[in-house]
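Where a number appears in this text, it was derived from the coordinates with a stated rule and is not lab data. These numbers come from a predicted model, not from an experiment. Counting neighbours? That spans all protein chains shown, and the Cβs are built from the backbone with ideal geometry, glycine included.
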Amino acid sequence: MDKGAFHYVDMFFVQCGYERRSLYRERSKYLETCLSDGSARLLFVYDRKVGLHRAGAGFEIALVDSELVPRGRREALQEVYLGEYVGRPVFAILCDEHPESLLSLTAEAMLFFDLRQATAMLSPHAASLLGYALAMDYWHRTHRFCGRCGHRTESGCAGHTLSCTNPECGRKHFPRTDPAVIVLVQNEGACLLGRKREWIDRRYSTIAGFVEPGETPEQAVFREVYEETGTEVGKIRYYAAQPWPFPGSLMLGYYAYAEPGVVALHDNELQDARWFTREEIAEWVPSGRLRLPGRISIAYRLLQRWFDRGAIKPLDQLNPDAP
Ligand SMILES: [Zn+2]
């Protein structure tokens with residue numbers, strides 16, 4: 001039993017449906033056997049997109065039996081052992097070129113999609129595994145050279161380490177994930193939401209930002225909300241975390257409390273921030289005057305839990321067709 005499974009909460013990109021089997025990463029003979037005898041399956045990441053195929057009204061991961069990719073061809077590819085999925089070992093292949101020629105596939109058999117767009121049409125299990133693969137792809141692409149001495153790195157531990165090839169340095173780099181806080185600031189009947197300039201019109205979301213060195217997540221919550229909205233919060237409570245592979249964050253979800261007051265956009269990161277009452281949300285979401293964060297995000301979940309506690313109609317029903 002993989003202990004990661006205990007952290008399953010019903011939220012996209014949280015590890016579920018696969019086991020990491022991290023202790024197998026060092027067992028190179030076992031992994032090579034799985035790849036050559038065809039018991040392993042491969043999924044593909046190319047151009048920051050994931051390989052899918054159509055299944056009914058939605059999509060599934062396009063999983064390819066490893067024996068279909070001869071060893072000679074695989075040597076040029078970057079493989080990452082992800083663990084076990086649906087009873088079989090699974091590897092992510094991180095492609096620099098479209099894998100069509102490598103696999104002799106028709107374009108229909110593997111379609112590359114932006115995972116953020118495709119997630120709502122995938123099972124949580126599939127989205128979780130693909131999010132993991134996408135985050136590993138980002139880490140590999142941004143660590144091709146050693147951050148200490150600038151020499152090339154090479155992959156080890158089944159794709160889970162990148163070691164500097166300069167013998168005088170030899171630094172080992174490990175996959176990283178950047179902690180960020182995301183917080184719903186609320187009062188009894190209202191919550192504080194902000195919007196960034198680059199977002200689509202009328203879209204507002206919870207306040208978020210990266211945790212800085214030397215800071216606890218709770219301190220980051222206080223600082224970010226103050227910087228972005230001029231609001232001082234208290235009663236900061238942790239809710240849950242969501243790995244967010246766009247490109248590689250761990251979103252730590254919080255609730256906090258503040259008295260509604262005048263908002264001041266101190267750091268100019270937001271274009272606007274304001275308090276919304278439940279009544280305004282209930283009226284403005286169906287009419288299109290207010291757009292909420294996507295349902296796959298912890299931002300939506302934070303908002304939903306708060307909203308549904310005191311609303312006549314659940315948030316999901318205000319705009320059932322929204323992604
Ligand atoms: Zn180095």
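Placing R0 at 35 angstrom, the Cβ-Cβ distance between ASP47 and ASN268 gives a FRET efficiency of 0.60 after rounding to 0.05. Sorted fewest first by neighbouring Cβ atoms within 10 angstrom, TRP284, TRP244 come out as TRP284, TRP244.
Other residues within the sphere of radius under 10 Å centred on the Cβ of GLU269, judged by their own Cβ, net out at -2 (K and R +1, D and E -1). Multiplying the residue separation of ARG71 and THR216 by 0.36 nm and removing their Cα-Cα distance gives an extension gain of 47.5 nm. Positive end of the dipole of the chain (Cβ unit charges, origin at the Cα centre): among PHE113, ASN166, ILE236, the Cα lying farthest that way belongs to ASN166. Checking every one of the trypsin sites (Lys or Arg not before Pro) in the stretch 91-192 against DSSP loop status and a limit of 13 other Cβ atoms within 10 Å picks out ARG144, ARG148, ARG176.
Checking Cβ-Cβ separations below 4.7 Å across the chain identifies CYS16, CYS34, CYS95, CYS157, CYS191 as cysteines lacking any candidate disulfide partner. Counting Cα-Cα pairs of the stretch 3-142 in 10 Å increments starting at 0 gives whole-percent bin shares of 12, 44, 37, 7, 0.
Is the stretch 235-323 rounded, prolate or oblate when judged by the Cα gyration tensor, a ≥ b ≥ c being the square roots of its eigenvalues, rounded requiring a/c under 1.5 and prolate requiring a/b larger than b/c? Rounded. The alpha carbons of the chain give a radius of gyration and a Dmax of 22.0, 66 Å, in that order. Remark: relative contact order (the chain) = 15 percent; criterion is Cα-Cα distance under 8 angstrom and separation of 6 or more residues. Extension gain, ASP96 to GLU280: 0.36 nm times the residue separation minus the Cα-Cα distance gives 61.5 nm. To the nearest ten degrees, helix 124-142 and the longest principal axis of the Cα atoms of the chain are 70 degrees apart.
When the charge dipole of the stretch 38-166 is built from unit charges on Cβ atoms (+1 for Lys and Arg, -1 for Asp and Glu) and taken about the Cα centre, the candidate among VAL64, TYR138, LEU43 whose Cα reaches farthest toward its positive end is TYR138.
Once the C-beta distance of THR33 and ASP308 is scaled by a Förster radius of 45 Å, the resulting FRET efficiency is 0.35 to the nearest 0.05.
Only the Cβ atoms of Lys and Arg (+1) and of Asp and Glu (-1) were treated as charged; on that basis the dipole of the chain about its Cα centre amounts to roughly 360 debye.
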